[in-house]
1. Across segment B:62-97, what is the number of residues that are farther than 18 Å from residue A:73 by Cβ and under 16 Å from the mean Cα position of the chain (by Cα)?
2. Tell me which residues, restricted to segment B:87-115, are touching a helix residue (DSSP H, G or I) at 6+ places or on another chain (Cβ under 8 Å) and under 17 Å from residue B:158 (Cβ atoms).
3. Go through segment B:1-68 and tell me which helices (runs of 4 or more DSSP H), entirely inside it, have 1 or more residues that are closer than 30 Å to residue B:176 by Cβ and touching a strand residue (DSSP E or B) at 6+ places or on another chain (Cβ under 9 Å).
4. Is it the case that residue A:108 is buried (at least 16 other Cβ atoms within 10 Å of the Cβ), farther than 23 Å from residue B:30 by Cα, within 14 Å of chain B (Cβ to nearest Cβ) and at pLDDT below 80?
5. Identify the single condition in (1) within 12 Å of another protein chain (Cβ to nearest Cβ); (2) surrounded by 18 or more Cβ atoms within 10 Å (Cβ to Cβ); (3) touching a helix residue (DSSP H, G or I) at 6+ places or on another chain (Cβ under 6 Å) that residue A:113 does not satisfy, given that it satisfies every other one.
6. Answer yes or no: is there a residue in segment A:176-189 that is more than 12 Å from chain B (Cβ to nearest Cβ) and in a helix (DSSP H, G or I).
7. Any idea which residue in segment A:57-75 is nearest to the other protein chains (Cβ to nearest Cβ), counting only those that are within 22 Å of the chain's Cα centre (by Cα) and crowded, with 18+ Cβ neighbours inside 10 Å?
8. Is there a residue being crowded, with 20+ Cβ neighbours inside 10 Å, within 14 Å of chain A (Cβ to nearest Cβ) and at negative phi anywhere in segment B:148-158?
């Protein structure tokens, strides 16, 4: 508490990057990062869904779960909200913006199982964020995730796979690259940490 | 396949973490202390065994179109049980694990086993497959946390092992070390498997 939404937004991107310090959203991060374009597509979709579901889940928790004293259902309710929102978004995009659907559509089902989205919803409950803080945290986390996957995709694009030892190819070398990125991001942590 | 084979295949040969690169999020996040890793592993084994059993039990009555949703809800229900049990009996560990207990729901290992095995096989076989996958996952957690806790805190399960003069490696407490150790572990196992294949 007490952190302004503005600070929280920047902190979520740099000092406590959702992927590099909290390890959330690793699965799709490792598998999609082969190409820069699809990484950007998925990243943008994640950012949008994260921002909206952070707000939605905050409201659901505050106005439905807490008054009814059924906080223990949080996990299931949050997942349903996320899945329903993604499904709805898919329908709307397909109906009104078909061009966007063809470039972004394939990523939408992947988002429901992206643990970054669910993780952010859990974090904002545990840390007692307010509504604006939650939205700022959601948007910042999404952009931080986008930044991380774009960086990895860029590096992997330039990486000459042949020079990497056979056993280290694929996921392992991506993990090592990510580790080095995480080390670099520790440099930001002097600015403002989120707790 | 006999029941023993099912277990061995899903725990070691097709280990979810190092062969299929699933469930990485929590693999990395909870491995700073061995106790956390062990509890997390047990939680995953519990949720995995019961959810694969349940999913397999109702596999013939679940319409294909709502299959994913049904699986998620079943997994979610068991994860809530794990969360409540932890809060009641191990409140300290539950606090430290924080959101990562809830994140078992989105752990791809659970969905992966439900889709790949439980949706087509008998309940008991599915349960054994689930336990196998959970044991394989726990093993990876324990190996990583063994290295991180030993070098980062000089302790194992909270008990001091390193002598007086030991200086903690602060990198082992921070996030990057988890990435490096997992990468090296996958490298070592891949190399071993490559040799065996040749």
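1. Count: 1.
2. B:90, B:93, B:94, B:96, B:97
3. Per the criteria, B:34-57.
4. Yes.
5. It fails just one condition, (3).
6. Yes.
7. The residue in question is A:75.
8. yes
The values are calculated or read from the model by the stated rules, or taken from the named source; none is laboratory data. These numbers were taken from a predicted model, which means no experiment stands behind them. Quick reminder, even Gly has a Cβ in these numbers, built from the backbone with ideal geometry, and neighbours come from all protein chains shown.
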